[in-house]
Amino acid sequence: MAKSHAARMNKVLEKIEITAVVDIDLDRAQMVAELFPNKPVVHKNYEEILDHVDATLVVLPHHLHHPVTIKCLNEGKHVLVEKPMANTERECLEMIGSARRNDRVLMVGYCMRFHPLVLKFKEILDNKIFGDVFQLSIWTEQHTQRDPSNWMCKAKEVGGGQFFSHGCHYIDLMLWMLGNPMKGIHLGTNRCTPWMEREGTSNVCLEFENGALGYHFGTWGARGTRLGYSFHAHCEKGMVEMQLEKGRVVYLGDVDKHVPGVHDPEQKEIILLEKKHAKPTEIEMSHFIECIETGQTPLTDAVSSFEGLKVIWELYNAEEKNIVANLQGLGLGSTNFD
């Protein structure tokens, strides 16, 4: 993913200089370094370049997020670490504590919060343009297959399975849009994704404090799809849909007369926003630099990112016990780290 991560720098190169690229494979590091006009140095060991940087982008297997982030923060560097933040609660707390002690920005790479379509979708729900939302459903259907020896397939290195690795995006978004969850369940399977030690497909159902329900279906085993990446918010007056593949947010509703048993053939379809080829990682990187410059708290700060993972861990624990997860005692939104 190095080339795509390098592309996120496009909008900030007037403010920053890329001084170093690190990879245990020097050829890979060199390939990325050549994408930048100033030809940054390349190195196998990230510790060797810390004297040459003010901030770091940590893009590593999940089990390495914690040690590398801690080292960078303790050396006085700002950090944008890829999601999920870390694989355990202890690791997350240590990262948050280190950022606070060293007065450094620690931001987590939940790039979907910066996507223009997601922002429009959330704005509509927040302002109740079509009334209260009572059901939010998110589908992510993709084919992500690796050799079973790859770190992405190993439960210990990933921190779980597909749900923890990729579904964390959508738990984060559900909490951001709907508030605190009350209870929920997760069901996962590696059926037809045998390369995964843990689940390659997951289903999540949540109930929120306001009575709304949330559902997320994610799979790395889809050999075909119509939904792709789709968000549906059913509201009192109709449905708001985010069609990521088509680059638009639409409204479906306003049927003058409902005929029982008929699928509302007269419903209106109104395009609320069309934004094709959006680049949320570029917006995310600009925000990271702005937070360093101004001292503001990142939109995807470490505390809220940690709270989303707490929900996932509780759902995993309940799944193992074959019970419904009680999510009320997690202290979401009130965690005190002082």
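Distances between placed amide hydrogens fall under 5 Å for Lys183 paired with Glu207, Leu327, all partners being 5 or more residues away or on another chain. With both labels modelled 7 Å from their Cα along Cα-to-Cβ, the Asn74 to Val41 distance reads 2.2 nm.
If the segment from Ala7 to Glu34 were pulled out straight at 0.36 nm per residue, it would be longer than the present Cα-Cα gap by 8.5 nm. Springs join every pair of Cα atoms under 10 Å in this Gaussian network model of the chain, and among Ala325, Ala278, Ala302 the largest mean-square fluctuation is at Ala278.
Which of the residue pairs Lys44/Lys83; Lys3/Lys120; Lys83/Lys246; Lys3/Lys77; Lys44/Lys154; Lys183/Lys310 have a Cα-Cα distance greater than 21 Å in the structure shown? Beyond 21 Å: Lys44/Lys83; Lys3/Lys120; Lys83/Lys246; Lys3/Lys77; Lys44/Lys154. At full extension, Gln135 and Lys321 could sit 64.3 nm farther apart than now, given 0.36 nm per residue minus the alpha carbon distance. Residues whose amide H comes within less than 5 Å of that of Gln267, counting only those at least five positions distant or on another chain, are absent (H built at 1.01 Å from N in the peptide plane). A Förster distance of 22 Å, applied to the separation of the beta-carbon atoms of His143 and Lys246, puts the FRET efficiency at 0.65. Remark: the chain carries a charge dipole of roughly 520 debye about the Cα centre, counting +1 on each Lys and Arg Cβ and -1 on each Asp and Glu Cβ.
Distance between the 7 Å Cα→Cβ label points at Glu209 and Glu17: 4.8 nm.
Rounded to the nearest 20 debye, the dipole size of the range 166-213 about its Cα centre is 140 debye, using +1 on the Cβ of Lys and Arg and -1 on the Cβ of Asp and Glu. Within the straight-line cut-off of under 20 Å between alpha carbons, the aspartates and glutamates reachable from Lys15 are Glu34, Asp51, Asp54, Glu282, Glu284, Glu290, Glu293, sequence neighbours fewer than 8 places apart in one chain being disregarded. Net length available on complete extension from Ala55 to Cys192 is 45.2 nm, with 0.36 nm assigned per residue and the Cα-Cα distance removed.
Its relative contact order, with pairs defined as Cα atoms under 8 Å and 6+ residues apart, puts the chain at 18 percent. Between Gln296 and Ile24, the FRET efficiency estimated from the beta carbon spacing at R0 = 35 angstrom works out to 0.55. A cut-off of 5 Å between modelled amide H atoms, ignoring neighbours fewer than 5 places along the same chain, links Gln135 with Leu213, His234. Secondary structure note: in the chain, about 70% of the DSSP beta bridges are antiparallel. Assign one of three labels to the range 122-164, namely rounded, prolate or oblate, based on the Cα gyration tensor with a ≥ b ≥ c the square roots of its eigenvalues; rounded applies when a/c is under 1.5, prolate when it is not and a/b is larger than b/c, and oblate otherwise. Since a/c reaches 1.5 and a/b is larger than b/c, the shape of the range 122-164 is classed as prolate.
With point charges of +1 on the Cβ of Lys and Arg and -1 on the Cβ of Asp and Glu, referenced to the Cα centre of the chain, which listed residue (His43, Phe134, His232) lies farthest in the positive direction of the dipole? Of His43, Phe134, His232, it is His232.
We did not get these values from a lab; they are worked out from the coordinates using the rules stated. Model, not experiment: these values are computed from the prediction. Methodologically, a virtual Cβ is constructed for each residue, glycine included, from the backbone with ideal geometry; neighbour enumeration extends over all protein chains shown.
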